[in-house]
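Asker: Below are the structure tokens for one structure; questions will follow.
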Amino acid sequence: MSIFNRPHYTSEITNFIEEMKQKKPTLEAEQRAGRALLWDKNLDRGLQEEYGEARVPQQPYVYQTQVK
């Protein structure tokens, strides 16, 4: 028997998540669908480049009026 061998430990949060997954097995699929809806998008690189070229540089202090 090793002195470094410890009993298996799972936190309360891990137990809660595992219990939630058992109660609702479709949870992960729903989360992936939600992520795909909002985040997983194909970007148009040409359009992104045009947006960058059209950007107007901002003044160092936004609220200062231009003195001519």
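Asker: Yes or no: E28 surrounded by 10 or more Cβ atoms within 10 Å (Cβ to Cβ), in a helix (DSSP H, G or I) and free of Cβ contacts under 8 Å to residues at least 12 places away in the same chain?
Answerer: Spelling it out, E28 is indeed surrounded by 10 or more Cβ atoms within 10 Å (Cβ to Cβ), in a helix (DSSP H, G or I) and free of Cβ contacts under 8 Å to residues at least 12 places away in the same chain.
Asker: Of all residues in segment 20-68, how many are under 20 Å from the mean Cα position of the chain (by Cα) and basic (K, R)?
Answerer: Adding up the residues that qualify gives 3.
Each reported figure results from applying straightforward, stated rules to the coordinates on display, with no laboratory input. Because the structure is a prediction, the values reported are computed rather than measured. We place every Cβ from the backbone using ideal geometry, glycine too, and count neighbours over all the protein chains shown.
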